[in-house]
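Right, one structure below, let's go through it.
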Amino acid sequence: MKITVINGTEKHGVTYRMKEMFLEEFKNDAEITEYYLPKDCPNFCVGCTTCFLKDEHLCKDAEYIQRIERSLLEADLLVFTSPAYVFHATGAMKAMLDHFGYRWMPHRPAKEMFGKRAVIITQCLGSGAKPTAKDIKDSLSWWGVTAIKTISFKLMADIDWNKIDEKKKEGFRKKLTSLAKKMHRVDYSRPASAGLMAKAKFMVVRMLQTSLGKQDPEYTDYKYWKENGWIDKVRPWK
Ligand SMILES: Cc1cc2nc3c(=O)[nH]c(=O)nc-3n(C[C@H](O)[C@H](O)[C@H](O)COP(=O)(O)O)c2cc1C
């Protein structure tokens, strides 16, 4: 199986150690590709809207974005990690997710995303890990990913990994390993069920795209929906 990991920080700190604990279960039989932010997506979206209106390959940052996108599309399991920074995902993670605005369902979602599985790992000192996970989950669910597990931790201790006591670390490991084992047992040859929510969002956008297409049949998003057969009877889920 293939796993693509997007690390919301380059630091080899608490978030990194938790991610390593999760991945341990897969080390012998998975092909794991990791990206570290901001290194692997160093620039901000500047709001030029070229991706929305013309073509994502014309983005000034296409070399970074398309590399990450290829990995995401090929993966069976997506893993996203972030510490809470002022109650939210790191700026680096947000900057990367902004670049994928064109993949939100109202625009041009990738059909491969429907039926994919994802795990989001977040942690904080005392408060903010849950909204951090939600920041990431919002994007994934609007990309069409249907099976998303989140696991969030409050350290309630020093934020230096080396100063956190062993008992606490064992508690983190137990929870992360338990989720990893569950994700390891999944039959990745079968897509996750698309779920009512994703289907409902898709059908609402389909109505919107149909109406936009009547006004302008050359509209980029409409043409994409039409070419995929989604304005007609084809659906991106199995
Ligand atoms: C800029 C910054 C903002 C942070 N904001 C919060 C916060 O809002 N709530 C919280 O509980 N911890 C906060 N923390 C602590 C982090 O969530 C995290 O626990 C800490 O950075 C250790 O993780 P790391 O080693 O992966 O960086 C913040 C840390 C930094 C550097």
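Could you tell me which of the pairs 134/169; 60/130; 149/223; 149/181; 111/175; 54/214 are separated by over 22 angstrom between their Cα atoms in the structure shown?
Cα-Cα > 22 Å for 134/169; 60/130; 149/223; 111/175; rest within.
Between the helical axis of 195-215 and the dominant principal axis of the chain, each derived from Cα atoms, what acute angle in degrees is found, rounded to the nearest 10? For helix 195-215, the angle is close to 30 degrees.
Eigenvalues of the alpha-carbon gyration tensor of the stretch 177-238, scaled by 5 and square-rooted, set the equivalent ellipsoid semi-axes at 34, 11, 10 angstrom, largest first. Panel values: the stretch 132-231, Kirkwood radius from alpha carbon pairs, Stokes-Einstein at 25 °C and 0.890 mPa s, translational diffusion coefficient 141 µm²/s.
Per 5 Å bin, what is the whole-percent P(r) computed from every C-alpha pair distance within the stretch 167-210? Histogramming the stretch 167-210 at 5 Å steps yields 5, 17, 12, 11, 12, 12, 11, 9, 6, 3, 1, 0 percent. The mean sequence distance of close C-alpha pairs (under 8 Å, at least 6 residues apart), as a share of the length of the stretch 1-68, puts its relative contact order at 36 percent. For the chain, the 222 nm mean residue ellipticity estimated from helices alone, with every DSSP H stretch of n ≥ 4 adding -39500 (n - 2.57) and the total spread over all residues, rounds to -13000 deg cm²/dmol. Across the stretch 111-226, Cα pairs under 8 Å and at least six residues apart give a relative contact order of 27 percent. State the antiparallel share, in %, of DSSP beta bridges confined to the chain, rounding to the nearest 5. The antiparallel fraction comes to roughly 5 percent. Entry note, the chain: relative contact order of 22 percent, from Cα contacts under 8 Å with a spacing of 6+ residues. The tail of the calculated P(r) for the chain, taken as Cα-Cα distances beyond 25 Å, holds 44 percent of the pairs.
The numbers here are math on the coordinates, done by the rules we state, and not lab data. This is a predicted model, so every value here is computed, not measured.
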